[in-house]
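Colleague: Sharing a structure here in structure tokens format.
The values are calculated or read from the model by the stated rules, or taken from the named source; none is laboratory data. What you see is a predicted model, and the numbers here were worked out from it, not measured in a lab. Here the Cβ positions follow ideal geometry from the backbone for every residue, glycine too, while neighbour counts run over all protein chains shown. The area values use the complete protein model at the heavy-atom level, side chains included, leaving out ligands, DNA and RNA. Shrake-Rupley method; radii C 1.70, N 1.55, O 1.52, S 1.80 Å.
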Amino acid sequence: MKIAVLGGGHGAYAAATDLSEQGHEVRLWRRDSQAFAPVLTTSAITLTDERGTRAVKIAGLFTSAADAVRGAELVLMPGPANSQADITRAIAPALSAGQVVFMPPGTFGSYAMAHLSAARGVLWAETGTLPYLARKRGPAEVAITVRAVRLPTGVYPAKEADRALAVIARAYPGVHTCGNALSGALMNAGPIIHPPLILMNAAPLEHFERWDIHNEGTQPSVRAVTSKLDAERIALRESLGLAAPHYPLSDHYTSDRWMYGDAHKKLVRSGDWREKIDLHSHRYMTEDVELGLAFLVSVAAWAGVRAPVAEGLLAMGGAILGKDLMRGERTLEALGLAQYSRDQLFRLLDG
């Protein structure tokens, strides 16, 4: 299958190597041509995983996003949600009916980008997490610690879910339906796990050169807040009639039932998440707080479901950034959806 992979981050390089090794024809695009130069020179990315380290050839390398997506059956957009609009504008003229654009995860981008692109006949999907726990170790080098085994996915328009999932499953067999685009967005683990970790570790993140929020940054008090925040997400899903499984985040720490299976210990042992996190620019803030958590709070307010932990964390993030995050671009109000009832919104998302 021809797959366009759009981006130059951890997820894009992980996807490009993993999908190439599966035998797919990968067409990798990165915006920054200077940073892309080491890959362009060798047409390869070095992959390290449980099988060792090896160079993986990438079939097609592009500095034009539109050229990368032409003729691709699956368009993978694994970058942060705050990059989606720029990428969508770049590829919109080249999109064609029948293509599937997959955002892992999406932060309701499947709906928002469909309307931004105005491309007819294109199917948009999003899931609850990136298919990989991965980190780049160099300009042409990536390490994959864990691959996702379950990818609950929402599709816009929802009436085309079977067709979209059939395409995605050829690349990611662990994909399964979770309903419409709103359900897919409310599976997003990023706004649940990352805001407590960075906001409650703000002092050590600013003090130390590098800090592992998943190791010494994950203490009982942090876990308690994360559990309450996730309970609010699940209560919201249930109030909207969205079906289980809801993938409670507690399973990430205690069992193999979560999206990555039994992954937390492997993540910590890798050491790849001992990193510098700038609270003003890191994607955990600009994506998971500014967009993802703001989306969650706006949906809860619209649905009449109490979410005091989510609201409190969003207020903390706004205080650090000096912004009113409730006025963000990915809230229901900003998307023009807050006036709809639950049934009206679901009919809209069904297509």
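Colleague: Can you return the lysines within cross-link range of Lys323? Criterion is Cα-Cα under 27 Å, with same-chain partners fewer than 8 residues away left out.
Modeller: Of all the lysines, those that pass the test against Lys323 - Cα under 27 Å, at least 8 places apart if same chain - are Lys228, Lys276.
Colleague: Using only helices, what value at 222 nm comes out for the chain when you add -39,500 (n - 2.57) per DSSP H run of length 4 or more and divide by the total residues, to the nearest 500 deg cm²/dmol? Please report the intermediate quantities before stating the final value.
Modeller: Values: 16 runs with 145 residues, N = 351.
Mean residue ellipticity at 222 nm (helix-derived): -11500 deg cm²/dmol.
Colleague: Rounded to the nearest 20 debye, what is the charge dipole size of the chain about its Cα centre when +1 sits on each Lys and Arg Cβ and -1 on each Asp and Glu Cβ?
Modeller: Details: 36 positive and 35 negative charges, 104 e Å.
In debye, rounded to 20, the chain gives about 500.
Colleague: So, one more: Which number comes out as Rg/Rh for the chain once both Rg and the Kirkwood Rh are worked out on C-alpha atoms?
Modeller: Values: Rg = 19.0 Å, Rh = 20.3 Å.
Over the Cα atoms of the chain, Rg/Rh equals 0.94.
Colleague: Ordered by residue, what ³J(HN,Hα) values in Hz, to whole numbers, does region 173-187 give under the Karplus form 6.51 cos²θ - 1.76 cosθ + 1.60, where θ = phi - 60° and Gly and Pro are x?
Modeller: x, x, 5, 8, 6, 10, x, 8, 4, 5, 5, x, 5, 7, 8
Colleague: Amide H neighbours of His176 under 5 Å, counting only residues 5+ apart in sequence or on other chains, H built in-plane at 1.01 Å?
Modeller: Those lying under 5 Å, H to H, from His176 are Leu151, Thr153.
Colleague: Under a 5 Å amide H to amide H cut-off, with H placed in plane at 1.01 Å, what residues pair with Ala307 once short-range neighbours are removed?
Modeller: none
Colleague: Just reorder Lys266, Lys57 by solvent-accessible area, largest first, 1.4 Å probe, all chains present.
Modeller: Largest accessible area first, the residues go Lys57, Lys266.
Colleague: Where only protein heavy atoms count, and the probe is 1.4 Å, what is the accessible area per residue for region 1-54 in Å²?
Modeller: 40 Å²
Colleague: Shifting gears a bit: Percent of accessible area on region 255-322 owned by carbon and sulfur, 1.4 Å probe?
Modeller: The computed percentage sits at 50.
Colleague: Turning to a different aspect of this structure: DSSP beta bridges in the chain, what fraction antiparallel, as a percent rounded to 5?
Modeller: So the antiparallel bridges amount to about 40 percent of the total.
Colleague: Leaving out ligands, DNA and RNA but keeping every protein chain, what accessible area does Val297 have, in Å² rounded to the nearest 10, with a 1.4 Å probe?
Modeller: Using a 1.4 Å probe on the heavy atoms, I get roughly 10 Å².
Colleague: Quick query: amide H of Glu216 versus all other amide H atoms, modeled in the peptide plane; which residues come in under 5 Å with a sequence gap of 5 or more or a different chain?
Modeller: Close amide H contacts, sequence-distant or interchain: none at all.
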